[in-house]
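Peer 1: Got a structure for you, written out below as structure tokens; questions coming shortly.
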Amino acid sequence: MSAIQCVLDDLQQFHDQALRKIQESGSLKELEELRILFLGKKGSLTTGFLKKLGQHPPEDRPVLGDSVNRVKEALQESLHNRISVLKLNEEKKHEDSLWLDVTIPGARRLIGMEHLMKRVQKEIETLFIGLGYGVKEGPEIEDVFHNFEALNTPQWHPVRDENDSFYLLPDQILLRTHTSPVQIRTMLQQSPPIAIIAPGRVYRSDYDATHLPAFHQVEGLLVDQDISVAHLIGTLEVFVRFMFGKEKKIRLRPSFFPFTEPSFEVDILWEDKSGKSVWLEIMGCGMVDPHVFEAVGYDSESFTGFAFGMGIERVTMLKYGLTDIRDLVRGDLRFSRQNR
């Protein structure tokens, strides 16, 4: 076999192997690597054949050069065709990935759960809005005037002690201990008649199975002419029967609050787990003290009113039979799902 024939056979073998690898390539990246490997400046065709043409006799060079060019053109055409095929395949895969079967049911979503206290607060607001009350809110950081002094709570009163209240500035600014400051702010801004409830978060230095350092209250205020304890009792009876059932009864026990006179503790007749009827305290209330009216510029001879306040957590515990107030703030999903 002549030398030129050996070169042509090697060239043919290279041609066949290169075409096979091009056709078997599975990606544009792999195809580009093959192009560099076969046709690049340092590729197999250049280093193995083109650069060696000068080593052959002059009469053989035209034949070899023509054969190398034809192999090069064949590989370039094969690469071009394979690129077209792979691009079409990739476009199809992309289109397939975007395809959506609208008849398939959507992914299931976990349904959120409304917190028990938020549910109870909404029920309370719904009731009193139906009775003609407005819902008022106020700042959680208060000064001692709105939180204590305007509410007839003197400096020496124990509730103003640092052991009971969270002060931000000594004897000046504190986290409100009740939502009664909202009542003061409302009375300072408008004249009677007034009928409002004030729900919101309050803060006291307390923590056990029935108390939290941060909890929620709803306080109510009604001011007009000729308001009496009878109006207060009627309002509380409507509230208790709405929240706990038409058969529920209440009683008022004399008590003391600096901002009401007379003052009462409100009990509700309840059945314990053994079926025994017991009286449970649920809120405090009373007729607005004349000193409070004087602090906001109301004429206590012309206007009277009543106020009441309750812990939303307390109402929630009674309504849903809870025994530990801390269950409401632990964030246990099992507790939330149990009381959906």
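The values are calculated or read from the model by the stated rules, or taken from the named source; none is laboratory data. Please read all numbers here as calculations on a predicted model, not as lab measurements. We place every Cβ from the backbone using ideal geometry, glycine too, and count neighbours over all the protein chains shown.
Peer 1: Is it true that E219 is acidic (D, E), at pLDDT 95 or above and either in contact with a Pro (Cβ under 9 Å, 6 or more places away or on another chain) or closer than 20 Å to I312 by Cα (or both)?
Peer 2: The answer is yes for E219.
Peer 1: So I83 fits all but one of (1) of a type in the set (A, V, I, L, M, F, W, C); (2) within 23 Å of the chain's Cα centre (by Cα); (3) farther than 30 Å from M317 by Cβ; what number is the exception?
Peer 2: In the conditions (1) of a type in the set (A, V, I, L, M, F, W, C); (2) within 23 Å of the chain's Cα centre (by Cα); (3) farther than 30 Å from M317 by Cβ, I83 misses (2) alone.
Peer 1: I need a count of the residues in the range 269-302 that are in a loop (DSSP other than H, G, I, E, B), surrounded by 14 or more Cβ atoms within 10 Å (Cβ to Cβ) and not aromatic (F, W, Y).
Peer 2: Of the residues in the range 269-302, 2 are in a loop (DSSP other than H, G, I, E, B), surrounded by 14 or more Cβ atoms within 10 Å (Cβ to Cβ) and not aromatic (F, W, Y).
Peer 1: Separate question: Take the residues in the range 303-326 that are buried (at least 19 other Cβ atoms within 10 Å of the Cβ) and either in a helix (DSSP H, G or I) or touching a helix residue (DSSP H, G or I) at 6+ places or on another chain (Cβ under 6 Å) (or both); name whichever of them is modelled with the lowest pLDDT.
Peer 2: Per the criteria, the residue is I325.
Peer 1: Pick out the one residue from L88, L188 that is at pLDDT 95 or above and more than 35 Å from the chain's Cα centre (by Cα).
Peer 2: L188
Peer 1: Let me ask another. Write out, first by first residue and then by second, each pair whose Cβ atoms fall under 9 Å of each other, whose residues are 6+ apart or on separate chains, and whose first residue, in the range 1-30, is outside the structural domain of K72 (by TED's automatic domain parsing) and farther than 16 Å from V68 by Cα while the second is of a type in the set (V, I, T) and surrounded by 11 or more Cβ atoms within 10 Å (Cβ to Cβ).
Peer 2: Here the result reads none, with nothing in the range 1-30 linked to a residue that is of a type in the set (V, I, T) and surrounded by 11 or more Cβ atoms within 10 Å (Cβ to Cβ).
Peer 1: Condition (residue is under 30 Å from T323 (Cβ atoms) and charged (D, E, K, R)) applied to the range 126-144: is it met by at least one residue?
Peer 2: yes
Peer 1: Separate question: I'm trying to understand the selection: among the residues of the range 179-204, which are within 12 Å of V223 (Cβ to Cβ), of a type in the set (S, T, N, Q) and crowded, with 18+ Cβ neighbours inside 10 Å?
Peer 2: Q183, T186
Peer 1: Sticking with this structure for a sec: Does the range 240-250 contain any residue that is more than 21 Å from M317 (Cβ to Cβ) and either surrounded by 14 or more Cβ atoms within 10 Å (Cβ to Cβ) or touching a Leu at 6+ places or on another chain (Cβ under 9 Å) (or both)?
Peer 2: For the range 240-250, residues more than 21 Å from M317 (Cβ to Cβ) and either surrounded by 14 or more Cβ atoms within 10 Å (Cβ to Cβ) or touching a Leu at 6+ places or on another chain (Cβ under 9 Å) (or both): absent.
Peer 1: Could you figure out which of (1) among the aromatic types (F, W, Y); (2) surrounded by fewer than 21 Cβ atoms within 10 Å (Cβ to Cβ); (3) within 25 Å of T210 (Cα to Cα) isn't true of F259?
Peer 2: Failed condition: (2).
Peer 1: Related question: Filtering the range 217-239 down to residues that are small (G, A, S) and assigned to a helix (DSSP H, G or I), which residue is nearest to V292 (Cα to Cα)?
Peer 2: A230
Peer 1: Restricting the search to the range 211-236, which residues are more than 30 Å from the chain's Cα centre (by Cα), free of Cβ contacts under 8 Å to residues at least 60 places away in the same chain and surrounded by fewer than 15 Cβ atoms within 10 Å (Cβ to Cβ)?
Peer 2: Answer for the range 211-236, where residues must be more than 30 Å from the chain's Cα centre (by Cα), free of Cβ contacts under 8 Å to residues at least 60 places away in the same chain and surrounded by fewer than 15 Cβ atoms within 10 Å (Cβ to Cβ): A230, G234.
Peer 1: Continuing with this model, one more query. Which pairs have Cβ atoms under 7 Å, sit 6 or more apart or on different chains, and link a residue in the range 94-123 that is assigned to a helix (DSSP H, G or I) to one that is at pLDDT below 80?
Peer 2: Every condition considered, the pairs that remain are L116/N339.
Peer 1: Which of the residues that make up the range 37-59 are surrounded by 13 or more Cβ atoms within 10 Å (Cβ to Cβ) and at pLDDT 70 or above?
Peer 2: If the condition is that a residue be surrounded by 13 or more Cβ atoms within 10 Å (Cβ to Cβ) and at pLDDT 70 or above, then L37, F38, L39, G40, G43, S44 are the ones that fit.
Peer 1: Over 28 Å from the mean Cα position of the chain (by Cα) and part of a helix (DSSP H, G or I): which single residue out of F242, F256 fits that description?
Peer 2: None of the others qualify; the one that does is F242.
Peer 1: Taking F166 as the residue in question, decide whether it is in contact with a helix residue (DSSP H, G or I) (Cβ under 8 Å, 6 or more places away or on another chain) and surrounded by 14 or more Cβ atoms within 10 Å (Cβ to Cβ).
Peer 2: no
The rows are residues; the columns are (1) modelled with pLDDT of 90 or more; (2) closer than 21 Å to E313 by Cβ; (3) not acidic (D, E).
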| site | (1), (2), (3) |
| --- | --- |
| P170 | no, no, yes |
| L175 | yes, yes, yes |
| T179 | yes, yes, yes |
| P193 | yes, no, yes |
| H211 | no, yes, yes |
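Peer 1: Now for a separate question. For a quick check of your reading: which strands (runs of 3 or more DSSP E) sit entirely within the range 133-192 and have at least 2 residues that are of a type outside the set (V, I, T) and over 22 Å from D289 (Cβ atoms)?
Peer 2: Where strands (runs of 3 or more DSSP E) fall fully within the range 133-192 and carry at least 2 residues being of a type outside the set (V, I, T) and over 22 Å from D289 (Cβ atoms), they are 167-169.
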